[in-house]
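The structure appears right after this line, and notes come after that.
The values are calculated or read from the model by the stated rules, or taken from the named source; none is laboratory data. Model, not experiment: these values are computed from the prediction. Here Cβ is always computed from backbone atoms with ideal geometry, including for glycine, and neighbour counts include all displayed protein chains. Accessible surface is based on the protein model in full, side chains and every heavy atom, while ligands, DNA and RNA are left aside. Shrake-Rupley method; radii C 1.70, N 1.55, O 1.52, S 1.80 Å.
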Amino acid sequence: AHDSVPHCPDHGGEAIPTEPAEAAKRLASEFSGRRARVCHALERRSAEEFLELRDELAREGYRRLVVAGAVRTLDDVKPSEVADGGVRVDVVVDRSKLHESERGRLQEAIERAWARGKGVASVRVEREGGDGFDHRALARGLSCPQCARLFEAPRPGHFSYNHPLGACAECRGFGNKMA
């Protein structure tokens, strides 16, 4: 269990421990010079709940939302748009240019996004050439660097077919499928 490394079943890459300082360093070096927006997802709410949340966000200094990929000011978003389940809505925590000198600011923005977004943040990084933004998910803890899928730290039970963590999902470790 101490030597094992989880791999993402979707991307095949190794899951890595992600902390704010490491995430900021990786983003600043990989996308140096590009503009970025650090965001967190807004949970689906009723129109009435959104009105209360909008006031809270304004008091805390948040002014922009990303609604279906478009950046809009908080006051321009109608509560009915947020209540619609088919539209992704993110709160913009910070906007900056990715650079080594801005790593502290980026780290702070990631920490704030994780605090409000239950450990998951999204970073929208400007594409080369400036024709739009790509979405990058970041999760706190042991996660896939591409999709932010979280993984539990490996334990000895993961490697035992007699333990619920390591048992086959179909036969539950008994070797025969239960009907």
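Accessible surface of residue 99 in the full protein assembly, 1.4 angstrom probe, to the nearest 10 Å²? Surface open to solvent at residue 99 totals about 90 Å².
Taking amide hydrogens as placed 1.01 Å from N in the peptide plane, the amide H of residue 137 sits under 5 Å from those of 123, each at least 5 positions away in sequence or on another chain.
Please list, by residue number, every one of the chymotrypsin sites (Phe, Trp or Tyr not before Pro) in region 111-167 that is coil in DSSP and has at most 13 other beta-carbon atoms within 10 Å. Could the numbers behind the result be given before it?
Details: sites: 114, 133, 151, 159, 161; in loops: 151, 161.
Those satisfying the criteria are 161.
With respect to the chain, whose longest principal axis is taken over its alpha-carbon atoms, helix 103-116 is tilted by about 70°. For the chain, what % of the accessible area comes from carbon and sulfur atoms, probe 1.4 Å? Carbon plus sulfur share of accessible area: 48 percent. Put 96, 122 in order of accessible area, highest first, and with a 1.4 Å probe you get 96, 122.
The relative contact order of region 38-179 comes to 19 percent, based on Cα pairs under 8 Å that sit 6 or more residues apart. Rounded to the nearest 10 square angstrom, residue 88 shows an accessible area of 110 square angstrom against a 1.4 Å probe.
The GluC sites (Glu not before Pro) of region 1-100 meeting both criteria, a DSSP state outside H, G, I, E and B (loop) and at most 16 other C-beta atoms within 10 angstrom of the site's C-beta, are 43, 60.
When only the Cβ of Lys, Arg, Asp and Glu is charged (+1, +1, -1, -1), the dipole of the chain relative to its Cα centre reaches about 80 debye.
Students sometimes get this wrong: rank 147, 8 by accessible area, probe 1.4 Å, all chains present, largest first.
On the way: 147 45, 8 5 Å².
So the residues, ranked largest to smallest area, are 147, 8.
Going toward the positive end of the dipole of region 1-117, with +1 on Lys and Arg Cβ and -1 on Asp and Glu Cβ, which of 7, 24, 73 do you reach last? About the Cα centre, the residue reaching furthest to the positive side is 73. Excluding same-chain neighbours fewer than eight residues apart, the lysines reachable from residue 118 by a Cα-Cα span under 26 Å are 25, 78, 97.
With angles folded into 0 to 90 degrees, how steeply does helix 47-59 sit against the dominant principal axis of the chain? Use alpha carbons for both and round to 10. Orientation of helix 47-59: about 70 degrees from the principal axis. With contacts taken as Cα pairs under 8 Å and at least 6 residues apart, region 114-177 reaches a relative contact order of 17 percent. Which angle from 0 to 90°, rounded to the nearest 10, does the C-alpha axis of helix 20-30 make with the longest principal axis of the chain? The answer is roughly 70 degrees.
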